[in-house]
Structure formats: C-alpha cells, structure tokens
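Step one of this worksheet: look at the structure below.
The values are calculated or read from the model by the stated rules, or taken from the named source; none is laboratory data. Keep in mind it's a predicted model, so treat the numbers as computed, not measured. For neighbour counting, all protein chains shown are included, and Cβ atoms are generated from backbone atoms with ideal geometry for every residue, glycine included.
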C-alpha cells in the first residue's frame, strides 16, 4: 500500500443504514475518484449513535475497504452531521468603519460576520456553518462579496447551521476510534445540495430534501445563498415499518416489498394486481405465502408520504421560504427512490419536483451515481470548494504582505 498522499480527500457518512467512506484525489484542480467502502451501520438508532463500539467498527471496516480500493493510507477525514438535533437560524449584524469611506478588506468581512454570529445559543449548541446570505454596504443590499468595494458601514445577513455539541462529538469520537482524525464536519443537507443542485436552481429558489433512513434533511437556497435549513423526523424506515405492521411481515421483507412493489399513489396501482407476501423463508420464518392486493401497499404508504410533505410544507412556511421555490423541490437520498413520492411532493408543495442524482466524479463507478450517495459525494465537493477558497485567501494575504514589505524598502 502506498504512503499517505497529501492530495487525498476522505469523507465519512455514518447513517442509520450504511456507513460509507469515500476517497478522492485532487489532480490538476480536478477531483478524481480513488476508492470507497460501504458497510451496514451498527450501533445506530434513529440517525444517532447509540453504541460507540459497533458504530466505530462499521466505520473502520468501510475505511479499510476504501484504503484497499484507493491503494493509499487514510488518516484524516471530514464527517457528515445529520439528525433532528440540527437546526438553522438567521441573524443580522455588522460594523461601522467611521465617518470616512474605506476599502472593504477580508478582515472587515470577518468582523461583520463575527458580529452577526453573536446570537444567544443554548450552552449545548455548536455552530456547524456560518453561511452569509448577502452583504449590505451603506444600505446597498444584494452584495455577495464586498471585498474591494468602498463604504463606511458593512452589514451581513447570516444563516447559522447549529447542532447538538454532544451528538457531534459522538460522531467525531466514532471516527477517531476507527483510526481517523476528523478535520471538519459538514451538515449533510448542505452536502447533498452541493452534488445535485444547479446554479440556476440556487438562484431561482429551491428546496432540497435528503430523505435518509430515519430523518429528512432540508436546505433551501434563494438568490444563490442558503436561506433555511431544518431536519424532519421522518425517513425511509418509517415507510418500511408501516408496511411491516400493516402486512404482518418482518422489517427485512417489508423493505424488499417496498423497493419492488411500493407506490405512494393509490390510484396509480391497478386494482386487480396481486403480489405474494410471506413466502420468502429468509424473511418469513417459515410462514406460508399469501396473496395481497398491491393497492394495499399503496394504501399504507401514501398516508406516510402525505405526512412527510405536509410536515415539509409547514416547516418551509414557518421558515418564511415556502413562496421562494421558483425552481421547485429536489428529492435525494435513498428514500427518494420510492415510486410516487414526486407526485405527493408536487401535489402538496404545488411546485415542480425531481429526483436529484449526484454529479459523477472522474472515474467514479456507476454504483455511486445514485441518490443515496448524494450526501457523501457532496461532502467531497464541499470540502474541495472550501479548501480552494481558503487557499485563495491565503494567497491573497501573502501577496498583500509581500507588497507591504516591498514598499518598505
């Protein structure tokens, strides 16, 4: 196995169903797939870590598989954070630079952001992301980057994505026990958006719903900036459990039936269609097979789908962004594969909806080009973009210092 390479980026998505480790390398400014590992999650409950040992073991196995595929040693990683403990809040703040107009530098921008982030948060909350929505320079709004402009009062509308400090630390501890040093954390809703949304959608206004096993992560963009984030306590497992109870089958068989025969629109299923349930000895424990109407599955699934999108609609309305979805709604994550969800989304939100597939990396295998891998691929893209921005700022600072010292002699 090769030595650790500095140009590698590794991300970890520890979900309720699977733990995924994805490795890419940065080559000539382009991200290229190197390897990945996927393992069934253990020690997880409702999207949160219930047992550190089994959860860390699943991440470790996924990391070892990724190392073998990438032929490189993995030592550091960026991890995803999701779950109902994640919340977003908007804030506004700024600075005054006196009576004389001055050129805005990166330092003034940071000072304005620091002022805006000074909101009272409960002691157990941590800030995941500071996301400027727009800057206001001398009452001129709609500015995305004020550096180099001239004025004497700079304000910023800021979105803060926050999480439970204890839950975030549990995820970091799991990764550490798996042998990985955590460099950063990323909210999975924003990560998913990074891999499936276009620039036009972000500008016109769009909601992305990353439907995982236990929860649905939301992120709303408007005029190119994040406007709202939230997490709903409904995911794909809720649909599966409803089927297991309604059909009197095991959870594993209910999952298979959902994937093959599931539909969230009752009227779209022919009345006479019948399917066999309970006959798979691997799932049924020897119970005899029986025939049920396929519509019966839809009668179980449709109410849960309507509950999900009613909750989503109400959340967006309370956040003041329901009317800002000019480009509609994008569904991604493993739960988005359920047939008929788009119809329910369009019916209740009254906007166009589509399934979001992640942007493929160079040399990436086809098996990863699916909605359930949108978040982990988006984490790579987000980390890469963040690194590029930091490098650009550092280069700018070096050039500025060089010019100052050169002018001193």
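Just a yes or no: is a residue in region 65-73 over 18 Å from the mean Cα position of the chain (by Cα) and assigned to a strand (DSSP E or B)? Walk me through how you get there before you give the answer.
Within region 65-73, the subset over 18 Å from the mean Cα position of the chain (by Cα) is 65-73.
Okay, now just the ones that are also assigned to a strand (DSSP E or B), so 72.
Checked against the condition, which is being over 18 Å from the mean Cα position of the chain (by Cα) and assigned to a strand (DSSP E or B), region 65-73 yields at least one hit.
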Please determine whether any residue of region 256-271 is touching a strand residue (DSSP E or B) at 6+ places or on another chain (Cβ under 7 Å) and under 29 Å from residue 323 (Cα atoms). no
What about residue 229, is it touching a helix residue (DSSP H, G or I) at 6+ places or on another chain (Cβ under 7 Å), crowded, with 21+ Cβ neighbours inside 10 Å and not in a strand (DSSP E or B)? no
For region 374-395, state whether one or more residues are over 22 Å from residue 7 (Cβ atoms) and at pLDDT 95 or above. yes
Which one is nearest to the chain's Cα centre (by Cα), of the residues in region 202-214 that are surrounded by 21 or more Cβ atoms within 10 Å (Cβ to Cβ) and either over 25 Å from residue 13 (Cα atoms) or modelled with pLDDT under 95 (or both)? 212
All but one of (1) buried (at least 16 other Cβ atoms within 10 Å of the Cβ); (2) farther than 20 Å from residue 163 by Cβ hold for residue 140; which doesn't? (1)
Residues of region 15-37 classified as closer than 14 Å to residue 373 by Cα, in a strand (DSSP E or B) and out of contact with any helix residue (DSSP H, G or I) (no Cβ under 6 Å at 6 or more places or on another chain), total: 2
Check on residue 340, crowded, with 17+ Cβ neighbours inside 10 Å and on the phi > 0 side of the Ramachandran plot: yes
Taking the conditions exactly as written (within 23 Å of residue 332 (Cα to Cα) and part of a helix (DSSP H, G or I)), does residue 238 satisfy them or not? yes
Would you tally the residues in region 42-77 being surrounded by fewer than 23 Cβ atoms within 10 Å (Cβ to Cβ) and under 30 Å from residue 132 (Cα atoms)? 2
Of the criteria (1) crowded, with 18+ Cβ neighbours inside 10 Å; (2) more than 23 Å from the chain's Cα centre (by Cα); (3) over 19 Å from residue 214 (Cβ atoms), which one residue 330 fails: (2)
Residues that are under 30 Å from residue 219 (Cβ atoms) and free of Cβ contacts under 8 Å to residues at least 12 places away in the same chain: find the strands (runs of 3 or more DSSP E) completely inside region 241-340 holding 2 or more of those. none
Being touching a strand residue (DSSP E or B) at 6+ places or on another chain (Cβ under 8 Å), within 22 Å of residue 87 (Cβ to Cβ) and either free of Cβ contacts under 8 Å to residues at least 60 places away in the same chain or in a strand (DSSP E or B) (or both) is the filter here, so list the residues in region 137-174 that pass it. 156, 157, 158, 159, 160, 161, 162, 163, 164, 165
Is region 176-186 home to any residue that is part of a strand (DSSP E or B) and within 18 Å of residue 91 (Cβ to Cβ)? no
Has region 215-225 got at least one residue that is surrounded by 24 or more Cβ atoms within 10 Å (Cβ to Cβ), part of a helix (DSSP H, G or I) and under 10 Å from the mean Cα position of the chain (by Cα)? no
Could you grab the pairs with beta carbons closer than 6 Å, sequence gap of 6+ or different chains, first residue in region 350-364 and surrounded by fewer than 15 Cβ atoms within 10 Å (Cβ to Cβ), second one part of a loop (DSSP other than H, G, I, E, B)? 360/369
Unmet requirement for residue 124, which otherwise passes all of (1) surrounded by 15 or more Cβ atoms within 10 Å (Cβ to Cβ); (2) touching a strand residue (DSSP E or B) at 6+ places or on another chain (Cβ under 7 Å): (1)
Test for residue 116: is it touching a strand residue (DSSP E or B) at 6+ places or on another chain (Cβ under 8 Å) and either surrounded by 21 or more Cβ atoms within 10 Å (Cβ to Cβ) or free of Cβ contacts under 8 Å to residues at least 12 places away in the same chain (or both): yes
